[in-house]
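The values are calculated or read from the model by the stated rules, or taken from the named source; none is laboratory data. Keep in mind that this is a model prediction, so the values were computed, not measured. With ideal geometry, Cβ positions are generated from the backbone for all residues, glycine too; neighbour counts draw on all protein chains shown. Each accessible area value is taken on the protein alone, full model and side chains, heavy atoms only, with ligands, DNA and RNA left out. Shrake-Rupley method; radii C 1.70, N 1.55, O 1.52, S 1.80 Å.
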Amino acid sequence: MSMMANHGSAKKLVDPPLRYLTKSLVRTALTCPRKLVYAANPTDFRRNDIDVKDPFVHHLADEGQRFGNYCRRLFPHGVEIGPPSGSIAEKGSMIDNVHAFPDLEELVAQTNHFIRKGENSGHQQRVTIFEAAVRSGPFYVRPDILDKIIHTNTTSRTISQTELRVIEVKSKSYDSRPSSKSGQMWNGDKKSIKAIFLPYIQDIAFQSFVVRRAFPDYRVSSWLMLPDRGKIWNGFNNNTSLFTEVPTLDDTLNAINESTAILLNVDELVEVALSSRVSFPGSNGETFEDAVKHWAEQLSSNNLEASFSEISIGSQCASCIYRINSLPDKGQSGENSQEDIMPSGFDVCWQQATGLGRDALQQPLVVDLYGYTKENIKKFIDQKKFLLKDLSADDFQSKKECEPKDKISSTQRQLYQVSSWQNESMNAFHEPQYVLKRDGLRKEMERWHYPWHFIDFETASPVLPYYPDMAPYEIVAFQFSHHIIYENQTHEVCHASEFLHNETGVCPNEQFLHALYNAIRTGGTVFQWSPHENSVLSSLLSSNLYTSSLSTQEKNTLSALLRDGNRPMVDLCKLAADYYYVDGSGGSSSIKRLLAPTMNVSARLKHIYGHLTYNSNNFVNFQWYQQDAMGRAIDPYKILSGINQVNDNNNEETNEETSSVTHGGGAATVFHELQCNIDLSEQDRRNREQSLLRYCELDTLSMAMIVQAWQGFLER
């Protein structure tokens, strides 16, 4: 039985001529060609919708759209072909199908009309097309900008060459300053492309490949248009709107030079990308060009499943967009919905490759192992060890001789994770455990001085700056929270201060530094979770633009917090990685992965936060330790999400469904709205500000909670 017959709703696949290989499908195939089977049948195989629901992912997409619209302004004579590609399959559904999108032929015809316009009469002129629709055989692309340039002989004034510039607009940062290394796309040998730029070069390479096939009589060149961190933003340049006729190429290049964008010719890089061997699951040394031709041929097959019959499971499966926990919740009553019984593409692959049943695949797999390597996963799969519970201490034995004794190594974390799952799978009522390297952590804590300051920064790095005299992606520090633990018998936690910039049109960085100095000037050890705070503070202090109003005392006090200062911030994330493991964290040292599991094992946290006793400006008589039906701690960030939702629903004036912030990316998204959305009502603004304040406060409270738990563990 074919996999398409596994459930009753399978639809007949479209005939081969109607299926095209697009840029988004090439990008999908590079992660795993097998995904093309599922991408071609979106009604039969659901995608993981975590990213779809993530407001920060939407924010990143909006940032890309903002930069794309900005770049279009530099081509005021440009014309758009049909609706933007976001409404067509290129950026929506993963399969391009003439029946589903009947305007595709019309879009291609419009594009050809503009490109060929004037050829017969000999009166050609420059044409710039946004979202051109270009098709050649089984390939279909929609370049961001397709610029037809007419080169003439300066002597005879006749046309010497017609060039089609394929311009891919990306919001990937680039730095044109000579002192910067981030603008170098080649590796040192000048024969291979840096990994960080390779996906962007492959995108433009595929589009140029298709345009060449569609217009073989034109010279096709390849270009990337990127935000340049070496340029300063001074608002939108309206000089381009002064053109009363089609501008010359020099006019356009001058406009780009005066903007915060940069236009880079990448012809050499494209040729290398097309002719170089490409790596993807199941690859056999083929070049990128050969790979896309092969995928197009497979995609046009009458039997799509058979054409992609080779399955290569491995480490790439950990982030598969078709991995869905598709079993109904335990205790769920009633009939299953159609979505419940739809097969998961991930499950189909793993069932065929391993022989495991659907139920078994809902358990943690070897690809869920903390800190795995491709080699680790390949070895386990080759040994027919597919589930975490299949692993044993012997699988980690080879490295143990060189493991440090006073710290937790990544190998030990993996072993703890496996042991935890094995215990839980054998006993549903297994009590979670923790591991603490007591001597090492105690030595670290003996260096700390009261009062203990816990700080967390919220920042944004917009592609188009919010304020003049800033560069693309320059840091905007708009918020911090600050908790203190004092030296007394109770080691009480106090939410001592907070800062939130809510004024539009004014950069907050200078005010941020003044407020931070006032928060930590009393002395004591200052804590961060990960190096983010150190990086942000270092960046702000290196700019005269933000430090000119600081006193010498303020500069010295803040500079002392940096890594090489005499009062450097202590990174609690590093300490957690070195000395602490707890069941339920998946081996991670992320504070959001650690917090709820730590509350499960800490008697001290249950005692302190298990009552309506927490108070601050943002929370009144609040209880942070709450239990679910199984008696386990509810994640405080989920509790926070519920608070924000309730508060939004209670405000009848709000026009928004929710302004909830439960992660740093969400904070940047909400700040962007506060700065740019002029349609927000006063109530909407207050909701967002309160959500930001509550979220950032929970971040620093979580840091303090972890330290309080450690204190309790060390006293036992």
Does K191 satisfy the criteria of being under 24 Å from D147 (Cβ atoms) and either modelled with pLDDT of 95 or more or surrounded by fewer than 19 Cβ atoms within 10 Å (Cβ to Cβ) (or both)? no
Identify, by number, the condition in (1) at pLDDT 95 or above; (2) open to solvent by 10 Å² or more (accessible area, probe 1.4 Å) that H430 doesn't meet. (1)
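Within the group A596, A577, which residue is of a type in the set (A, V, I, L, M), touching a Ser or Thr at 6+ places or on another chain (Cβ under 8 Å), open to solvent by 10 Å² or more (accessible area, probe 1.4 Å) and farther than 21 Å from E498 by Cα? Steps first, please.
Details: A596 fails: touching a Ser or Thr at 6+ places or on another chain (Cβ under 8 Å).
Result: A577 is the single residue among A596, A577 that is of a type in the set (A, V, I, L, M), touching a Ser or Thr at 6+ places or on another chain (Cβ under 8 Å), open to solvent by 10 Å² or more (accessible area, probe 1.4 Å) and farther than 21 Å from E498 by Cα.
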Report yes if some residue within region 194-209 is of a type in the set (S, T, N, Q) and either part of a loop (DSSP other than H, G, I, E, B) or free of Cβ contacts under 8 Å to residues at least 12 places away in the same chain (or both); otherwise report no. no
Going through (1) in a helix (DSSP H, G or I); (2) out of contact with any Gly (no Cβ under 8 Å at 6 or more places or on another chain); (3) of a type in the set (S, T, N, Q); (4) at pLDDT 95 or above one by one, N600 fails only at (2)
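Restricting attention to region 288-304, and to residues there that are open to solvent by 10 Å² or more (accessible area, probe 1.4 Å) and under 21 Å from S24 (Cβ atoms), which single residue is farthest from the chain's Cα centre (by Cα)?
At the first step, the residues of region 288-304 found to be open to solvent by 10 Å² or more (accessible area, probe 1.4 Å) are 289-290, 293-294, 297-298, 300-303.
Next, only the ones that are under 21 Å from S24 (Cβ atoms) stay: 289-290, 293-294, 297-298, 300-301.
Numbers: E289: 28, D290: 30, K293: 29, H294: 30, E297: 32, Q298: 30, S300: 32, S301: 34 Å.
Going through the qualifying residues, I end up with S301.
Which of the following residues is touching a helix residue (DSSP H, G or I) at 6+ places or on another chain (Cβ under 8 Å) and either surrounded by fewer than 18 Cβ atoms within 10 Å (Cβ to Cβ) or modelled with pLDDT of 90 or more (or both): I678, I634? Outline the logic, then answer.
On the way: I678 fails: touching a helix residue (DSSP H, G or I) at 6+ places or on another chain (Cβ under 8 Å).
Step by step, each of I678, I634 is checked, and only I634 is touching a helix residue (DSSP H, G or I) at 6+ places or on another chain (Cβ under 8 Å) and either surrounded by fewer than 18 Cβ atoms within 10 Å (Cβ to Cβ) or modelled with pLDDT of 90 or more (or both).
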Residue hits (region 289-313; under 27 Å from V272 (Cα atoms), of a type in the set (A, V, I, L, M) and out of contact with any Pro (no Cβ under 8 Å at 6 or more places or on another chain)) are A291, V292
Restricting the search to region 623-639, which residues are assigned to a loop (DSSP other than H, G, I, E, B) and either touching a Lys or Arg at 6+ places or on another chain (Cβ under 7 Å) or touching a residue at least 24 places away in the same chain (Cβ under 8 Å) (or both)? W624, Y625, R632, I634, D635
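Any idea which residue in region 516-543 is nearest to C696 (Cα to Cα), counting only those that are of a type in the set (A, V, I, L, M, F, W, C) and not in a helix (DSSP H, G or I)? Before you say what the answer is, go through the steps one by one.
Taking region 516-543 first, the residues of a type in the set (A, V, I, L, M, F, W, C) are 516, 519-520, 526-527, 529, 536-537, 540-541.
Still in the running and not in a helix (DSSP H, G or I): 526-527, 529.
Values: V526: 16, F527: 15, W529: 13 Å.
For region 516-543, the residue satisfying everything is W529.
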Among the residues of region 160-171, how many are buried (at least 16 other Cβ atoms within 10 Å of the Cβ) and farther than 30 Å from E105 by Cβ? 1
Give me the pairs, please: first residue somewhere in region 470-485 and at pLDDT 95 or above, second residue anywhere and open to solvent by less than 10 Å² (accessible area, probe 1.4 Å) and hydroxyl-bearing (S, T, Y), beta-carbon distance under 7 Å, and either six or more positions apart or on two chains. P472/T260; S481/T700; H482/T700; H483/T700
I need the full set of residues from region 302-327 which are under 12 Å from P281 (Cβ atoms) and assigned to a loop (DSSP other than H, G, I, E, B), in order please. F308, E310, I311, S312, I313, G314, C320
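Every residue, every condition in (1) under 25 Å from Y200 (Cα atoms); (2) modelled with pLDDT under 80, yes or no:
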{"position": "A39", "(1), (2)": "yes, no"}
{"position": "F45", "(1), (2)": "no, no"}
{"position": "V52", "(1), (2)": "yes, yes"}
{"position": "R66", "(1), (2)": "yes, no"}
{"position": "G86", "(1), (2)": "yes, yes"}
{"position": "R116", "(1), (2)": "no, no"}
{"position": "R126", "(1), (2)": "no, no"}
Does region 150-159 contain at least one residue that is at pLDDT 90 or above, open to solvent by 40 Å² or more (accessible area, probe 1.4 Å) and either under 23 Å from L274 (Cα atoms) or among the small types (G, A, S) (or both)? no
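Residue by residue, here is whether (1) over 14 Å from D699 (Cβ atoms); (2) open to solvent by less than 10 Å² (accessible area, probe 1.4 Å) holds:
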| position | (1), (2) |
| --- | --- |
| T459 | no, no |
| F480 | no, yes |
| H483 | no, yes |
| F499 | no, no |
| E503 | yes, no |
Pairs returned, first residue in region 233-256 that is under 19 Å from R66 (Cα atoms) and among the small types (G, A, S), second residue that is open to solvent by 80 Å² or more (accessible area, probe 1.4 Å) and modelled with pLDDT under 60, beta-carbon separation under 9 angstrom, 6 or more apart or interchain, are A255/N239
Filter region 486-514 down to residues that are without any contact (Cβ under 8 Å) to a residue 24 or more places away in the chain, acidic (D, E) and within 25 Å of Y614 (Cα to Cα), then give me how many there are. 1
Scanning region 210-232 for residues that are free of Cβ contacts under 8 Å to residues at least 12 places away in the same chain and touching a Leu at 6+ places or on another chain (Cβ under 7 Å) gives none
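Scan region 112-126 and tell me whether some residue there is open to solvent by 10 Å² or more (accessible area, probe 1.4 Å), in contact (Cβ under 8 Å) with a residue 40 or more places away in the chain and on the phi < 0 side of the Ramachandran plot.
To start, the set of residues in region 112-126 that are open to solvent by 10 Å² or more (accessible area, probe 1.4 Å) comprises 112-114, 116-126.
Subsequent filtering for residues that are in contact (Cβ under 8 Å) with a residue 40 or more places away in the chain retains 125-126.
Filter once more, keeping what is on the phi < 0 side of the Ramachandran plot: 125-126.
There is at least one residue in region 112-126 that is open to solvent by 10 Å² or more (accessible area, probe 1.4 Å), in contact (Cβ under 8 Å) with a residue 40 or more places away in the chain and on the phi < 0 side of the Ramachandran plot.
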Residues of region 655-675 classified as surrounded by 21 or more Cβ atoms within 10 Å (Cβ to Cβ) and modelled with pLDDT under 60, total: 1
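Criterion first (small (G, A, S), under 26 Å from the mean Cα position of the chain (by Cα) and modelled with pLDDT of 95 or more) does A205 satisfy it?
Working: small (G, A, S): yes; under 26 Å from the mean Cα position of the chain (by Cα): yes; modelled with pLDDT of 95 or more: yes.
Yes.
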